[in-house]
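Data first, discussion second: the structure below is written as structure tokens.
What follows draws every value from the coordinates through simple rules; no lab data is involved. Just so you know, these numbers come straight off a predicted model, no measurement behind them. In this analysis, Cβ positions are derived from the backbone assuming ideal geometry, glycine residues included, and neighbour counts consider all displayed protein chains.
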Amino acid sequence: MNDLTLAAEQPAASLACPSFAIGLDVGGTKVRGVITDPSGAIVAGARQRTRTGVDGVLATIEAVVDALLAEAGIGIDAVARVGLGVPGVVDPTAGVISHAVNLGIEDPFDIAAALGDRLGAPGRVHVENDVNAAALGVTEALGLRSSSVAVISSGTGLAAGLVVEGRLWRGHRGVAGEIGHISIDPAGPVCKCGQRGCLELYASGTAVARMLGPGAPPPRMKHIFAAAASGDATSRMIVDTVAEALAVTIRVVTLSMDPERIFLMGGLASVGTPLRDAVLDALAKAERDSPFLLALRMPERVSLAPDVADLPARGAARLGA
Ligand SMILES: [Zn+2]
């Protein structure tokens, strides 16, 4: 091969179809990123402490992307899409985020356009809320692209990410999965959404803090489960309330979507097996009086989400695919 041939071939190589994907989990503490190859395998990983505010978040993401590209040995031209999983209110069509309190971004901000320009990847940036990104991540990590999957995340709030045959199901107005705002008690406490007795008021970190009462230290669910097991009445009440509300959530998801697999994740689920067992007990109690519910075989659909830190980033890499 002579020099002339090489020179002629190089532009063709750089015009090759971009085939890698970058996925970013943009959290209030850390930004985690991965690069996946066309088969979905992770070929690079990086993370950085989050700097907040619009400028801080963009700078952190850019630094993570630079580190990822360097590790994978590719340029941004080889990247077909960049996906972001972001906490807060997300309009995935417009690429706009707002009320991302943990990121210090309150007003609507077109992060897709800003980041596309900054990274040299205009039109290739896709944004989703972090629960939806995590749901896609579970689907990817467990090879469930041909299944229907619901991921119930109970952290500060309560929401579900719904994936049908590998694709997110957002619904007509993007509200599918906002299950924390199903009211189960019209006489219950007032929710920030204006209704009373929403599921989120019984199965979230915020709910646990409310049940502990004002002045209590931030709730540590593992401690509460341990105290309940050794007979503390308040802790027992909290565990039973959380488990019952999550069991209701599972029944709602099953009766509206009928997914093959249901995963529990988020801060409350970090308790692990004791939480899953408490939820399965609550489901079993409902099934005892209802052959109809029993026939749905809900307990065998329910698991804890895999304990993998890069699940949301991995799911974000699927956005726009
Ligand atoms: Zn509500």
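In table form, for the structure just shown:
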read-out: Mean Kyte hydropathy of -1.0 or more with a Cα span along the axis of at least 20 Å, helices from DSSP in the chain; value: 53-72, 233-257, 273-288
read-out: Beta bridges per DSSP with both ends in the chain, % antiparallel, nearest 5; value: 60 percent
read-out: Relative contact order of segment 35-108, pairs being alpha-carbon contacts under 8 Å that are 6 or more residues apart, as %; value: 26 percent
read-out: Positive-end residue of VAL26, PRO214, ILE111, charge dipole of the chain with Cβ unit charges; value: PRO214
read-out: Residues whose placed amide H lies under 5 Å from that of GLY166, excluding near-sequence neighbours; value: SER147
read-out: Inter-label distance, nm, simple model (7 Å from Cα along the C-beta direction), ALA286/HIS172; value: 2.5 nm
read-out: For segment 198-321, the fraction of alpha-carbon pairs in successive 5 Å shells from zero, as %; value: 2, 10, 19, 21, 18, 14, 9, 5, 2, 0, 0
read-out: Cα gyration tensor of segment 229-282 - equivalent ellipsoid semi-axes, whole Å, descending; value: 23, 12, 8
read-out: Assigned charges on the beta-carbon of Lys, Arg, Asp, Glu; segment 102-168 dipole about Cα centre (debye); value: 280 debye
read-out: Over the chain: helical MRE at 222 nm, DSSP H runs n ≥ 4 each giving -39500 (n - 2.57), nearest 500; value: -12000 deg cm²/dmol
read-out: For segment 71-144, alpha-carbon Rg relative to the globular expectation (2.2 N^0.38 Å, N residues); value: 1.19
read-out: Segment 221-267-segment 114-190 distance, computed between alpha-carbon centres (Å); value: 20 Å
read-out: Radius, Kirkwood style, for the chain when every pair of distinct Cα atoms is counted (Å); value: 20.9 Å
read-out: Value of relative contact order over segment 228-321, rounded to a whole percent, pairs C-alpha under 8 Å and six or more apart; value: 30 percent
read-out: Set of aspartates and glutamates near LYS285 by C-alpha distance (under 19 Å), chain-local residues within fewer than 8 positions excluded; value: ASP240, GLU244, ASP277, GLU300
